[in-house]
Each structure stands twice: as structure tokens, then as C-alpha cells.
Amino acid sequence: MLLTLFVLVIPMLAFEYELNLSKVNKNTYCFFGEPEAMDTHNNGNMSNSCFIDMGKSYLVIDSGPTYLYAKQAYSRMKKIKDLPISYVINTHTHDDHWLGNGYYKEIGVNIIGSSEFEHEEKPEKTRMQIHITKEAYIGTQQVFPNIFVAKQKVLELDGKKVFIESVDKKAHTKSDLFIYIPEYKTLFAGDLVFNQRIPSLRDGDITSWIQILEKIKAMNMDYVIGGHGTIVDKNSMDTTYKYLTQLKQETKQALEDGQELVDAVDGITMDEFKNFNMYHSMHRQNVAIAYRMLEWEP
């Protein structure tokens, strides 16, 4: 009797994300997160999760921040077309992009991610668990991918090739993947691409990040969908690229001028980015990280 009551009460307590679905092109749909930090108001809905209609199945790019998010996202997608899911691909190891994996594992879906997941330790509490409400986190478990990509993996789904490329060095993280579908001229960049907010250098390498963006820029894609932000055309990476290249240039100049770290952090303001979300909480930290990184770069 108590078990029955518990099962009945959980859905009543669960958080409803009220996800807004956006159609990117005739094959691709995304749930775009808010360009802000995770908190008890957005409950982790601050990153992007996308579904691609491959013909007979959906391919999912990033499962989202919680079990409930993933469950509600797929329920919403099935109202567009009731297709099974072929695979879920996690673009990197930051938990706002993969904590929905548990739902997809529950329904029997294979999950693909960087080989770095094999070495990743599961924390006692995830960032999401610390920063969002218990109601939104209900059912969420740390479920890592079961298929790993070290260099490149090619899927063939309903006659269409899907290329999964490992960056193979630290860029935004040391676990970044990007996924492209030539037939749809669509590329999913994960957190290699931010727009409408400042990118985070916390786990990254500024030089390698710039290099991989230059590689993506040279590819013949009509759509480049990042991990944060709603701009999805081939110019979607311009903000990230401009921010990182300008940050690197100004930081190297500060080093050449003999500035101490504190002076560089105070002086490199990059005013044109001040109106971007999260500038005030992240920019000074990014300058400090870039300074420490570049002072040892040949």
C-alpha cells in the first residue's frame, strides 16, 4: 500500500520543464536552454538538446540536465513524429549535457560519448544536484555512455552517414566531440560553440579551442548548432571565435608588456562583450585562466 502511494505521489511532486521546441531545419529540432547559470529557477534548462529525424528513428544530441528533462523532451518529440531513438550522443563530460542519460538507458537506447568518460570519476554529488531543486532532480542518476569514441566513429542511420569526431585534445574540455551529417549540412558543436553568452575557459585550452573552431569554419555546413544559444546558422560560432581570439591577443600583449596577473584581469575588459549574458560572472575568471595558460606558451 505504501509503495503504491509512493509511486502515485512522485509524478505529483515532479518538476515540469514546459520545454519549448524549435524547428531548426526540416530534419532537426532543438530544445534551447536559457543563456544563464543553472539554478532553482531554470532547474538546469540552460543547455541545448537536439533531435534529428533520420527517417525511421531520432538521433539525440545531448540528453539534457536531468531524467525528467529527457523524459519530457522525448514525450514532446513523439507528438511531432512517434519514432524510436537510434542513439544518444553526449558532446562532452559537463553534466548539464548528459544527466538525462538515465532515462534513455531505461528505454534501451545506446549512448555514445568521448573515451574520456571511461576515465571520468563520478562525483558524490553532481553540479546539477547541488544547484537545482530536489523535485527537478527526481530519478536522475549518473549514467555514462556505453559506446566510446577515441578518434572518429561513423554511424549509418537509414542510409545517411553521421560522423562523430573527437577533438582529441583539450579545447572547451578534454572530452569534446562534434557531430556532422553531410546530407543535412548540419553540425553539432556542443560547447565548442556558445552564443548569446560568454564561453567558459574553466576546463579548456584557448589555443586548441581556436584551432578547432577554425577547422569547423572551413567545413561546408549550413547549420552549426552549439551547446548554448539559439543562433544556428554557419555564423553561430562567430561570437565564441571572436571572444577567444581577442582574449588571447590582449592577454599575450599584457604578458609582453610585463603586466602582473591582477593588472591583466583588471585591464582586459573587452567592452564589446559586456552586454553578453554571464560576462560579469565569467570574464575575469577567463582572463585569469588565459593568462596562466599563455605565460607558459612558446
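We did not get these values from a lab; they are worked out from the coordinates using the rules stated. Computed from a predicted model, the values in this text were never measured in an experiment. Because the Cβ atoms are built from the backbone with ideal geometry, glycine has one as well, and the counts that use them run over all protein chains shown.
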In order over the stretch 158-169: 3J(HN,Hα) from phi, Karplus 6.51/-1.76/1.60, θ = phi - 60°, whole Hz, x for each Gly or Pro, gives 6, x, 10, 8, 10, 9, 10, 10, 8, 5, 6, 6
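Among residues other than Ala288 whose Cβ falls under 12 Å from its Cβ, what is the net charge (Lys/Arg +1, Asp/Glu -1)? Before the final figure, lay out each step's value.
Values: positive: Arg202, Arg284, Arg292; negative: Glu260, Asp263, Asp266, Glu295.
Its environment carries a net charge of -1.
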Note on the stretch 139-181: alpha-carbon gyration tensor, axes a ≥ b ≥ c; rule is a/c under 1.5 for rounded, else prolate if a/b larger than b/c, else oblate; result oblate
With only helices counted (DSSP H, runs n ≥ 4, each -39500 (n - 2.57)), the per-residue ellipticity at 222 nm for the chain, to the nearest 500, works out to -9500 deg cm²/dmol
A student applying the Cα gyration tensor rule (rounded when a/c is under 1.5; otherwise prolate if a/b is larger than b/c, oblate if not) would label the stretch 47-172 oblate
Taking a straight Cα-to-Cα line shorter than 25 Å from Lys71, and setting aside same-chain lysines fewer than 8 residues away, one finds Lys23, Lys26, Lys56, Lys79, Lys81, Lys105, Lys122, Lys125, Lys134
Here the net charge surrounding Gly190, from other residues whose Cβ is less than 9 Å away from its Cβ (Lys, Arg +1; Asp, Glu -1), is -3
Ranking Tyr74, Pro298, Trp98 by how far each Cα lies towards the positive end of the charge dipole of the chain (+1 on Lys and Arg Cβ, -1 on Asp and Glu Cβ), the top one is Tyr74
Rounded to whole angstrom, the alpha-carbon centroid of the stretch 172-189 lies from that of the stretch 95-162 at a distance of 16
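Arrange the following residues from fewest to most other Cβ atoms within 10 Å of their Cβ: His172, His94, His41.
Result, fewest neighbours first: His41, His94, His172.
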Honestly the stretch 105-213 on the Cα gyration tensor test (a ≥ b ≥ c root eigenvalues; a/c under 1.5 rounded, otherwise a/b vs b/c for prolate or oblate) is just oblate
The alpha-carbon center of the stretch 229-297 and that of the stretch 55-90 are separated, in whole Å, by 35
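Just to confirm a number: summing +1 for Lys and Arg and -1 for Asp and Glu over residues other than Met221 whose beta-carbon lies under 9 angstrom from that of Met221, what do you get? Let's see the in-between values first.
Numbers: positive: Lys185, Lys234; negative: Asp222.
After counting each charged neighbour, the total is +1.
Considering only DSSP beta bridges where both residues belong to the chain, give the percentage that are antiparallel (nearest 5). Working shown, then result.
Numbers: 25 of 41 bridges.
Restricted to the chain, the bridges split so that about 60 percent are antiparallel.
With a 10 Å Cβ neighbour count serving as the proxy for reagent exposure, in which order, fewest first, do Trp209, Trp296, Trp98 appear?
Trp296, Trp209, Trp98
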Matching label for the computed mean projected area of the Cα convex hull in nm², out of (1) 19.3; (2) 16.5; (3) 14.8, is (2)
Once the dipole of the chain is set up from charges on Cβ (+1 Lys and Arg, -1 Asp and Glu), the residue from the list Met282, Ile198, Asn146 lying farthest towards its positive end is Asn146
To the nearest 20 debye, the chain has a Cα-centred charge dipole, built from +1 on Lys and Arg Cβ and -1 on Asp and Glu Cβ, of 1100
With +1 at each Lys and Arg Cβ and -1 at each Asp and Glu Cβ, the charge dipole magnitude of the stretch 153-298 around its Cα centre, to the nearest 20 debye, comes out at 420
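When ranked by the protection proxy of mean other Cβ atoms within 10 Å per residue, highest first, what sequence do the peptides 215-224, 281-290, 129-138 form? Walk me through the numbers before you get to the answer.
Numbers: 215-224: 15.3, 281-290: 18.9, 129-138: 16.8.
The densest-packed peptide leads the list: 281-290, 129-138, 215-224.
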